[in-house]
Amino acid sequence: MHSQAEMIQLSLNFRKRFPFYHNATPMVYLDSAATTQKLDKVVSAVHDFSSKRNASVHRGAYPLANAATKEYERARNEVAHLISANEASEIVFTSGATESINLIANGLDKAQLNGNKILICESEHHANILPWQALAKRLGMQISILKLDRCRRSGLVFTETTFQRWLSQIDDDTAILACAHVSNVLGVIYPVPSLCEQASRVGALSVIDGTQAVAHMLVNVQHIGCDFYVFSGHKMYAPTGVGVCWGKYERLEALSPSKLGGEMVSKVSFSGYTAQPPPLKFEAGTPNILGVIGLREAARFIRENTQDIQAHETQLLGYTLAKLKALSINCFSYSSVRSDERAEHSHIGIISFVPIDVDSDALAHSLYAKDIALRYGQHCAMPLVDALGMKACLRISLACYNTQADIDQFVDALERAINELKSLANSDQLEPQDAENAWEQHLKDANNWSEKHRQLLLLSKQLPSLPNALRNKDSEVHGCEAQVWLKKQGDTLCAHSDSKTVRGILAVLLLKHQALASADRKRFDYSQYLRELGLENYFSAGRKDGIRNIINRLEQGA
Ligand code: PMP
């Protein structure tokens, strides 16, 4: 057990190891489940290799190339050590978890599988759903879902009952079990050792997505007992574009390589090829050498600090939850989750939540404007977010470099944002209402996102609203990361969205449309107009696509 003072010192020691924090930044980074900041040794190893020792691997025989190959293979040893693999040759370097799961799914055939059912957990990331759907289609198999339990207070829960049900679903007809070690939305650590034991009992392959686990807890693939374990470097303090597919050696041997090319072969002729043994058989083409060199340092750092990382993040998670509870934020991810007796902790530092009485989308934008980096959306887990009965939710995710001061700053910003949004909702005047189209000038004059967003929210109340009965497939506009409906009613374009921020954008576009002479409407450049108002930079790529769709409808007269 560490004292409070020791924990604070621990977090400060971790923070010092991340160059991102060396330059004073007002940013509170709480989006490590999307990607982590990079460790000092990762940055310097990548820099040193590039500037002093760069050569390709597994090819040249001159000393520089041999040394590069040795370094690259040392990384394989380090990663094997991190997850307690039997041997380094069980570590395949990929571009990330997504490629790893595709590599497995694309490499399987009927001969390697017992049964006809692919079991996928309800909370999986799309990367652990789509490749299995494609495999099911290719081999004529069935997808079956391991569902969470419904709970009125907190949405979805994983309880002892859920666990028993899942075990009974892993039956003789199960060919594959695909499950995350830790959910990227709920932060729940699933009892993968027990699930994999059952899978092995019925002769099913188990594929565990460890993307959200490796940086935060002890991972031991022997203890888990899975057949495959995958993860991404960029979520464990290493560079982007590198990841790992660990497999039991005999499983890797049976798997067909889906990526073909140089270095994965021992013999090639125009009539065919002989593949190298694993892992090289899966590493066609020049690999991401720099990524692998960086990954080596990250793996070593995590291995040497696992206990402290886990202790610090668990303490910080408890601190965060207590503060959120005091704010009465409805955190659906925290509930009667079964605590697995074999896992020391039942959650990692991921908290997804929707606030009560406040528009979630507007809250997210308001927090961005207050220098809080968090994620709002569906987190590439649409089936889960749908099952929760929401369009999207906010998510904060912690890593070893986060401190209590970060959480204090976040909670303070959250409280201020909620209060601001509530008071805005209660004021129904555009302010100051001095002239027609004054809102246009107010938007232009607002010199930061916080102020522009506030103007958008005020403006959202001026949107000619589309009646409920007309919000249907015909009037729906896709994209925007929110639901949007747009339709002409008489001479007026009317619209609605479940997001207040998007209602504000719709109001801008529709009020402008209305103000233009009808001959000018088709020619008007709405995208340029949004740029002139200084709004463009504040939308995500997804939302920009949706806005483009709205503009297309406007140009067609909706
Ligand atoms: N699985 C999980 C649980 C994830 O959180 C992510 C990334 N958000 C992925 C898979 C995909 O990782 P990548 O995009 O690095 O391939």
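Can you give the Rg to Rh ratio of the range 270-325, both from alpha-carbon atoms, with Rh computed by the Kirkwood formula?
Result for the range 270-325 is an Rg/Rh of 1.35.
Suppose the Debye formula is applied to equal point scatterers at every Cα of the range 1-131; what is log10 I(q)/I(0) at q = 0.14 Å⁻¹?
The Cα Debye sum returns log10 ratios of -1.03.
Compute the helix-to-body angle for 289-326: its Cα long axis versus the longest principal axis of the chain, expressed 0 to 90° and rounded to tens.
Between the helix axis and the principal axis of the chain, the angle is about 50 degrees.
Using amide H atoms built 1.01 Å from N in the peptide plane, name the residues 5+ places from Val265, or on other chains, whose amide H lies under 5 Å from its own.
Gln276
Using θ = phi - 60° and the Karplus relation 6.51 cos²θ - 1.76 cosθ + 1.60, list the HN-Hα couplings for the range 160-169 in order, rounded to whole Hz, with x at every Gly or Pro.
Result, rounded to whole Hz: 4, 4, 4, 4, 5, 5, 4, 4, 6, 6.
Helix 500-515 versus the longest principal axis of the chain: what is the Cα-based angle in degrees, 0 to 90, to the nearest 10?
It is inclined by approximately 50 degrees.
Using the structure shown, select from Lys147/Lys281; Lys110/Lys147; Lys137/Lys500; Lys16/Lys391; Lys41/Lys147 the pairs with a Cα to Cα distance greater than 31 angstrom.
Lys147/Lys281; Lys137/Lys500; Lys16/Lys391; Lys41/Lys147
Taking the Cα atoms of the chain, report the difference between the largest and smallest coordinate on each principal axis, in whole Å and largest first.
Between the extreme Cα coordinates on each principal axis of the chain lie 75, 61, 56 Å.
So how tilted is helix 4-16 from the main axis of the chain? Cα-based, degrees 0 to 90, rounded to 10.
90
So what's the gap between the Cα centers of the range 41-83 and the range 465-503, to the nearest angstrom?
Between the Cα centre of the range 41-83 and that of the range 465-503, the gap is 55 Å.
What is the local net charge at Asp520, summed over the other residues whose Cβ is closer than 12 Å to its Cβ (Lys, Arg +1; Asp, Glu -1)?
Residues near Asp520 contribute +2 overall.
If amide hydrogens are placed 1.01 Å from N in the peptide plane, which non-local residues have theirs closer than 5 Å to the one on Met236?
Thr36
For the range 440-558, state what percent of all Cα-Cα pairs lands in each successive 5 Å bin, counting from 0 Å until the bin that includes the largest distance.
Answer for the range 440-558: a P(r) of 2, 12, 24, 27, 21, 11, 3, 0 percent.
Quick note: the coordinates plus some simple rules give every number you see, no bench work behind them. Keep in mind that this is a model prediction, so the values were computed, not measured. Counting neighbours? That spans all protein chains shown, and the Cβs are built from the backbone with ideal geometry, glycine included.
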